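**Student:** One structure coming up, written as structure tokens, with questions to follow.
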Amino acid sequence: MSDRALNDARFQYAYAKYEVAPPYSHGDWAPGDFTARLPFCTAVLSYPSIQVGGCGNAQMGPEGRWELKDDFSYLMRRWGGTHQWKTGFDFSYVPFEGDNTGSPLGSWTFPKDTLYDVSDRSTWPTLYTNNLPTYANIPVKIYGTYLQDDWQAANGLTLNLGIRYDVQVGSFNEDVPGLLAKIQDKLGRDGTFPYDVSVIAQPTAGRGDHNNFGPRVGLAWDPANNGITNVHAAYGLFYDNVRTLTNFNELTWPQAKPITIQNPSYPDPFGGRTREAFLSATPPTITVGSNAQINPYAHQFNVGVNRLLRPDLAVTADFTTVSRYGDRDAPEINIPDQVTRQRPYPQFVRVNFWQPTADNYYKALLLKVEKRMSRHYQALLSYTLSKAEDDTLTSALSDHYGYTKVRRPGVADRRHRLVASGIVALPYDMQLSAIGDFRSSLPFGPITSGLDLNNDTLSGTSVSAPANSDLPAGVLPVSGCRALNLDAINAFRTSRSLTPVTQVDCPGFANVDLRFSKFFRIGGSRAELIAQLFNIFDRANFNVPGNNIGAGNDATTGRPLFGAVTSLLPNINAPSRQAEFAVRFQF
């Protein structure tokens, strides 16, 4: 536009689809088409140490995005310095569909790693659930706008000032009847709530979060204005988008027609009746969103200093803290009164109520030494000391009735991380590089399988992550490899004639990779020969250990499976030593 003004306008369309097909089906279906998938399903059997059966979590989810974005910047030299003004807006329309095959043949939870024995009550299932396939269609509109000023107030001093506004429309199921009508059009069934959910008390009359103003301020200061030292600090208030997928349950429970039976008869949980006959005489389990749901928001602050020790060597120290609020908890608000045993809403079995009461905290100190490329080599050494915590509701405390908010380690909490890397330029256009990554252990969450120790009617529903599994008194959620009370765990195991646990594995992570390259000239083109060796020490980086307190012993070693590692970390680059060779041509 001019030597001081620039406008950048962009438009894009994107499409993606996640496909989770039942095992051995290799299928690709439209969302809501379940006919070909259901024959692959079996009943789910969940034991303390293993889960078998099911539909393979079969899901289909196409998503599109139409985006229009514009940014305008203007350079101005007045008002006490140089100002780089920036403003813009971003609009996205995101149509999203998704389905879930569910567990149409039922899911059983057993308390012991033994087969069902009609003559042994300790082997009888403690829980049965059944959910039919579901579908939802939730389009979302996302708006954002901002104003920012990068102000060079003096030589060596720059201030960054700004404010941003974000709003999502459709992310809070604002129009439940309209969304259910789309389901009716797609499936021809269950387009309206079969039960009146308006009886559930709401904190506000309407839905939506429209006050998402996020101020930001930053400072960068070079005290001597010579590029040797930089002191910087920043604060910002940021808002997260609400993921559409997390809103499905409020729309899908009428289709799922969920059934929850505690201490069911086996193998016929309905006592000779059909599913429909049992459901008609049984109060349902429902999911309702709080009208007070918001976009989760975070206050982030960081301060640090960079120092150039010599032209090719610098050190950095940064401290960061993030306090995040308003994420989703999903307590069951229909538990019986502890004295009268009457439920607040007797027409329902369970009322899962989404509410914005989950908080997260993170703080970290980062130290870094960086040697830039000179004298044929460069190197980087960084260390991070960090702590991540979650503060959420849990019903797992056996010495508390119902829900209690508990602050505990975050599932991704690694206290220490050290990364070292380097590159050496060798003669004859050769290069050798290496990187090492070393991390301390992750925490894990002890669980029990389907046990209601505090008599609040809430117990675990899956072997992988039973959110409501009651823990023995003295055992806290996600305390494994942090503040685990092994005495309390062994008291629980001893009372059930299980072997005491004497060792809990807390595996760290260590990996070293090497890369060698050699450049060649082939006529007017350039080629590069590459050889890479991953995980050169062939280290097994294990996942967190077994976490079910009631698990039995390993059949080979006799060691209790609780606290013992049995699998490698998922999604790591090289679970074992690997070599890779490649040739790259530039022409």
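**Student:** Choose one of Leu366, Ala256, Phe40: the residue whose Cα lies farthest towards the positive end of the charge dipole of the chain (beta-carbon charges +1 Lys, Arg; -1 Asp, Glu; about the Cα centre).
**Tutor:** The residue sitting farthest along the positive end of the dipole is Leu366.
**Student:** Hey, fewest Cβ within 10 Å first, where do His210, His83, His26 land in order?
**Tutor:** Ranking His210, His83, His26 by Cβ neighbours within 10 Å, fewest first, gives His26, His210, His83.
**Student:** Once you have the Cα-Cα distance between Ala277 and Asp399, take 0.36 nm times their residue separation minus that, and quote the gain in nm to one decimal.
**Tutor:** 40.1 nm
**Student:** Let me ask something else. Can you grab the distance from the C-alpha centre of segment 375-424 to the C-alpha centre of segment 1-78, Å, no decimals?
**Tutor:** Going from one Cα centre to the other spans 27 Å.
**Student:** Further question on the same structure: Contact order normalised by length for the chain, with contacts defined as Cα pairs under 8 Å and 6 or more residues apart; what percent is it?
**Tutor:** 9 percent
**Student:** Within the set of other residues whose C-beta is less than 14 Å from the C-beta of Ser469, count the net charge using Lys and Arg as +1 and Asp and Glu as -1.
**Tutor:** -4
**Student:** Have a look at the DSSP beta bridges in segment 418-561 and tell me what percent are antiparallel, nearest 5.
**Tutor:** 95 percent
**Student:** Modelling each spin label as a point 7 Å along the Cα-to-Cβ direction, I'd like the Ala36/Gln338 distance in nm, to one decimal.
**Tutor:** 5.4 nm
**Student:** How far is the Cα center of segment 96-156 from the Cα center of segment 466-520, in Å?
**Tutor:** When both Cα centres are located, 23 Å separates them.
**Student:** With 10 angstrom as the radius, rank Tyr403, Tyr143, Tyr24 by how many other C-beta atoms surround their C-beta, starting from the fewest.
**Tutor:** Tyr24, Tyr143, Tyr403
**Student:** Can you give the FRET efficiency to the nearest 0.05 for Leu105 and Thr494, using r as the Cβ-Cβ distance and R₀ = 35 Å?
**Tutor:** Taking R0 as 35 Å, the efficiency between Leu105 and Thr494 is 0.45.
**Student:** Further question on the same structure: Need the C-alpha centroid separation for segment 250-289 versus segment 524-547, integer Å.
**Tutor:** 49 Å
**Student:** In debye, nearest 20: dipole of the chain around its Cα centre with unit charges on the Cβ of K, R (+) and D, E (-)?
**Tutor:** Result for the chain is approximately 1520 debye, rounded to the nearest 20.
**Student:** For the chain: lysine pairs with Cα atoms under 22 Å, gap of 8 or more or different chains, count?
**Tutor:** Close lysine pairs under the 22 Å cut-off: 13.
**Student:** Using label points projected 7 Å from each Cα along Cα→Cβ, tell me how many nm separate Leu313 and Ala9, to one decimal.
**Tutor:** Here the answer is 5.4 nm between the modelled labels.
**Student:** Moving to a separate point now. What ranking of Val351, Val305 emerges when the number of other C-beta atoms within 10 Å of each C-beta is taken as an exposure proxy, fewest first?
**Tutor:** Lowest to highest Cβ neighbour count: Val305, Val351.
**Student:** Here is a follow-up. Taking 0.36 nm per residue of separation and subtracting the Cα-Cα distance, what length does fully extending Gln202 through Lys17 add?
**Tutor:** Full-extension gain reported as 63.1 nm.
**Student:** To the nearest 0.05, what FRET efficiency results for Thr82 and Lys518 with a Förster distance of 60 Å applied to their C-beta separation?
**Tutor:** Using R0 = 60 Å, I get an efficiency of 0.80.
**Student:** For the pair Ala412 and Ala555, how long in nm is the line joining their label points, each one 7 Å along Cα→Cβ?
**Tutor:** Between Ala412 and Ala555, the label points sit 3.7 nm apart.
**Student:** Calculate I(q)/I(0) for segment 145-287 by the Debye formula, one identical point scatterer on each C-alpha and no solvent, and give its log10 at q = 0.16, 0.17 Å⁻¹ to two decimals.
**Tutor:** -0.98, -1.05
**Student:** Averaging over all projection directions, find the projected area of the Cα convex hull of the chain and quote it in nm² with one decimal place.
**Tutor:** 35.0 nm²
**Student:** Tell me, what is the FRET efficiency for Leu529 and Phe91 to the nearest 0.05, using R0 = 35 angstrom and their Cβ-Cβ distance as r?
**Tutor:** FRET efficiency, Leu529 to Phe91: 0.15.
**Student:** Here's a follow-up. If we count trypsin sites (Lys or Arg not before Pro) as exposed when they sit in a DSSP loop and have at most 13 other beta carbons within 10 Å, what is the longest stretch of the chain that avoids them all?
**Tutor:** Answer - 376-495.
**Student:** Express in nm, to one decimal, how much length is gained between Leu381 and Ala181 on full extension, taking 0.36 nm for each residue of separation and deducting their alpha carbon distance.
**Tutor:** 66.3 nm
Values quoted throughout were computed directly from the atomic coordinates according to the rules given, and no laboratory measurement underlies them. What you see is a predicted model; the values in this text were computed from it and never measured. So basically every Cβ, Gly included, is an ideal-geometry build from the backbone, and we count neighbours across all protein chains shown.
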